[in-house]
Structures are given as C-alpha cells and as structure tokens.
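These notes concern the structure reproduced below.
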C-alpha cells in the first residue's frame, strides 16, 4: 500500500505504485487535465520535480504542479524550447540542435545552420510550432546507455548533442525526451504532451558561441517567450513595447544626458545634464551616509596583485580584473572597494567601544566584462558604487543588517520605488571560510529580515565566494524587476588581511565585515531611474527645473530677471529668448521633459508674474514668481513627482 499525502494534508492510499497523473485524476478530472508535473518528497530526501508519468512506489508527499505554479510556467517554457527545436528540424533538417534553456520570461535554443535565419524563417517556425502543438503528441522520458545515446545522435548528424552527452559525468543518467519524430537530451521534467503548449511567440535571433567560448563556432540563438494564458503574454508584449519607448540609451541621446563610443567600450561619457542627475543622486547618498553614522573614505584605484591574492579575489575572480604594470610590479585595477577599506581600518588599532565602524565610498571600479554582455548603462566596465563596509562584532551583526534593510527601504521610497523583493543567497560550492562561519552568517541574515518583517526567499548556492548575502530587488513603473542593493556577511576577508580590534578582555579579535550597497552601480541605477520615469525626472532629480520663454523681444529682459531670481533660489533654470513663436518653444521644451515651462510677455512683466505650464501640458495659469519658487521648492524638499 502506498500512502500519498497531498498539499491540503489529506492522505490517499493506492494498492500499488501509482503515477502522478493517476493521482491527479483521482482528485478530479479537471486537475488531471491541468497537471503538468508533480513535486514529490519522500522521507530522507528533499523535494524534486517529476513528470506526470513518474511512478511513486513508496509513501510520499505530493503537490500537483499546474500552469498556475511558478514551476509550471518554467515547465511550459522549457518544453516550448524543445518544441522550437522540433519545428526547426521539421523545416530545416540540416540544422543541428545544441542547447535550449529557460530564461527570464521565456527561452532560447541554439542552432548550427549554414545560413542566417530570416524574419520569414521565424514566422514559418512559429507556425510549425503551433501545428505540432495542436497534434497534442505525448512527451515521453527514456533512459539510455551513454554510448548508445552518443551513437544515436552522431548517426543523426547531431555532433553538438553527442558532444554534450559524452561530457556528462558517469554517475548521472542519460535521459532523452521524445515527442513525435523528435528526440532530445534533457534532464526534464516536461509537460505531458505538446497540447499544453498554446501561448508562445518567437522574438528574435542572435549570434552565440558554442558553449559561450569565443574560440568556438558561432551558432544562431532563437529567443522566444511562452505563457500560461494569452492575457499574460499580451501584458508582457505590451510591457516590452513600453520598455522600448523608455530605453535609457535612446532617452540619453534625445535628452542629451550621456553617450558611448567605440574608443571606450563599456564606459560612459557624461554630458552636463546627465552629470547633474548624477550629482543629485550622489549628494543625496552623501547625506544618507552622514545621517546614518558612515564616515566617507577614498581608497586607491590600483593595488598590488599580492593583495588581491590574499583576499581570494585573484583565485576566484581574476578573469574580471584589469591589470597594469609599473617597475616590474603587477597591479590590479580594483573591481570592488572592500580590500581598500580594510587597509583604512588596519591603519589604527580599534577598541570594541568604537564598533561598529561604518565606512562609505563613492568608489570607481572596473571589471573586464565580456563585450557581448555590455548593455548601455546597465552593464558597463567602469562604474561607481555607493559602496560601504561595516566592521562590527558578532553580537552587532544582526542589528546592523536589520538597520541597513530599514535604511534601504527609506532610500528606495525617496527615489519612488515602494515594492521590494528580498532574497537570501546562500553558500556556493566554490567558497572560502568554514561551514561554521557560513552557518552564523546565513542565520544572521535570515533573523535580520524576520526582525524587520520582510517576507523573503532563499536562493541556494547564489552567495558570493566569501559570504552569503541579501539581494534587494526593486520593481519599476512598468513592473520590471531590478536587483540593486545588497548586504553581504564576511568572516573571511578581514582575517585574511589582518583586521583586528581589542575586545573587552583586552584580547585581539577579528571583526565581522559587512559589504553593503543600496543603489549598487550609480550608472545602472541612473539608467533604471531614466527608464522608470521615461526620462521625466521628478523635480529634485531633474537636470533643469524650468525654462523661461519670452513671447517677444520686449519681454527678454524680464525673462532674464526671472531666471536670475530662480537661480538665486537654488533652482536650475535657463532662458529661451529666441525669436521663435511661443508655441514652437513650448513644443520643443516639452520634448525635453522639463518639469515646468514659464512663459513671460509684457503682461507678465508688468504684474511680476509668470505663466506656468507643468509637464504633461497642464496649464497652471499665472503665478507670482515668489509663489512659483515656493511651489517647486516644496516639491523638491518633499521629493514628489509631477506627471
């Protein structure tokens, strides 16, 4: 007798081994039709995801996975990637299949083919995918002998797939999935049949190196998206359309904020207006430092490679470190600020009474990112972090983590972000430090989020090599998620670099080090701000608060007077005295997304007023200059936004 405990706590008994599909059907035919997989847990083992055909032969806990579950949509996307490969082989038999994983909001599959796929090809492939899906062919799992599987794919002309199978460790089974005339290597699980794949769209094609190595052959990568419902896909495609309008690279050109050029790949040339935004962000963060017990410091840009070896960065991160030489010494251009801050801490002997010591730096870092991964301001080779490091005792660890989370929440709110996701990334396989210190560090992060009342999830194995971390992800105006802030607990690096303090018993002890950033990269965060606000920055961040436009030449002197008064009040203002029609001036400045356009003529000059137009075309009528100053200063001080 097999006892199956379901999600609601009920128990069902079966006289013999029973499949996930049979259990789902025993609960209800509707659930049986909707079932995509099962999540089972047996005594002594963790939960695992299995096909609906999987037979359970011992007592277990089971939850049925449908398209409403996160695992369900992943299954749909993974299975749709296989459907894509199936369709490509039907239409282009000479094409070779390689790999096809799930990615955020979709999937891709890489192919080797003797000519580039065209937009017309993508349309034909998508139509063939729908045709195959309508056949509702059963997807079956098969376990193969390694040598036979290699021979199968070699005989099919699938050299890449044969190479993958040959590289799989001997202790792992070789599992293939078959649907109709198509068979593919995969760990699984997959949807029960192709009929479950109804909502998908092919998006684009790009180049990709085999196994991600630029020394290997260039393949063609077809990207697609897949969803449980048409409405979800429609919302996603609408979001992409809106995201294209908000692309920070296009807006940076249109609003004259910054640019990139080939002579400095992955580096930004900031223009005056863009640098003004930067300065508002930096000055705000400097006040955050000052108000929360941080001492601002500055460490060198390059450090001898020997220091990076002591920290463990050279062994774990050297491919990303730019190097330079002088007088037969090799230096690393800093990819992060932490070793420099430890040197500052080490410059004097500290008492436990001084802890916690909080250092903050707007530190310029460089990382040798692959050229193919560079993406505007979002992924660069040179960037500045609002980087901070806290040196504390073990007893202070949880309190400091909780205080940081509360501070981050306030900062994000000031920038207009109210929804935050919290993830705790735990120890990776490749790491330094003992399991005991990792246990302490991970528990401190968990307890700190519980203390601040935050719901969170655990992402196993995603921590840094020197310690676990909390990742803070904000949600922007169109629902996209951006991981920006982080706090990392580090027991190892301070010890490796000789950091010490004197405890209450006059003994030398190694402090715990917290690596923390709220915005992360300034460049990336400003790119996020640009896209979040579609370039229409709230007044406190706007490069220019207003433009004073004269209606005629006779009002030019008054326009200058108004501009001067606003400037002396601390506002960023310019004049437009051109001999152009006022409607043209208004239209042009509206395209620059200024918060306010002030129109002045002879009537305004006589009354000491300005005609105010707010962003979005709202006509606010005439105001006295002092009243306008009070209005915008209040908006700046309260960090409110206007449409």
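Numbers below:
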| item | result |
| --- | --- |
| Subset of segment 416-448 [outside any loop (DSSP other than H, G, I, E, B), in contact (Cβ under 8 Å) with a residue 24 or more places away in the chain and more than 30 Å from residue 637 (Cα to Cα)] | 423, 424, 425, 437, 438, 440, 441, 442, 444, 445, 447, 448 |
| Residues located in segment 357-397, provided they are surrounded by fewer than 18 Cβ atoms within 10 Å (Cβ to Cβ), in a helix (DSSP H, G or I) and touching a helix residue (DSSP H, G or I) at 6+ places or on another chain (Cβ under 6 Å) | none |
| Residue match in segment 479-501 (condition: in a loop (DSSP other than H, G, I, E, B), within 18 Å of the chain's Cα centre (by Cα) and over 20 Å from residue 398 (Cα atoms)) | yes |
| Test: residue in segment 89-98 that is assigned to a helix (DSSP H, G or I), over 30 Å from residue 14 (Cβ atoms) and in contact with a helix residue (DSSP H, G or I) (Cβ under 7 Å, 6 or more places away or on another chain) | yes |
| Residue in segment 17-26 that is more than 21 Å from residue 196 (Cβ to Cβ), in contact with a strand residue (DSSP E or B) (Cβ under 9 Å, 6 or more places away or on another chain), surrounded by fewer than 19 Cβ atoms within 10 Å (Cβ to Cβ) and at pLDDT below 90 present | no |
| Residue 98 being within 32 Å of the chain's Cα centre (by Cα), assigned by TED's automatic domain parsing to the domain that holds residue 212 and farther than 25 Å from residue 240 by Cα | yes |
| Segment 449-462, subset in contact with a helix residue (DSSP H, G or I) (Cβ under 9 Å, 6 or more places away or on another chain) and part of a loop (DSSP other than H, G, I, E, B), residue surrounded by the fewest Cβ atoms within 10 Å (Cβ to Cβ) | 455 |
| Condition met for residue 473 (more than 30 Å from residue 539 (Cα to Cα), surrounded by fewer than 19 Cβ atoms within 10 Å (Cβ to Cβ) and touching a residue at least 12 places away in the same chain (Cβ under 8 Å)) | no |
| All helices (runs of 4 or more DSSP H) inside segment 247-356 with 1 or more residues being over 30 Å from residue 533 (Cβ atoms) | 305-311, 313-317, 338-346 |
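The values are calculated or read from the model by the stated rules, or taken from the named source; none is laboratory data. Please read all numbers here as calculations on a predicted model, not as lab measurements. As a convention, Cβ positions derive from the backbone with ideal geometry for all residues, glycine included, and neighbour counts pool all protein chains shown.
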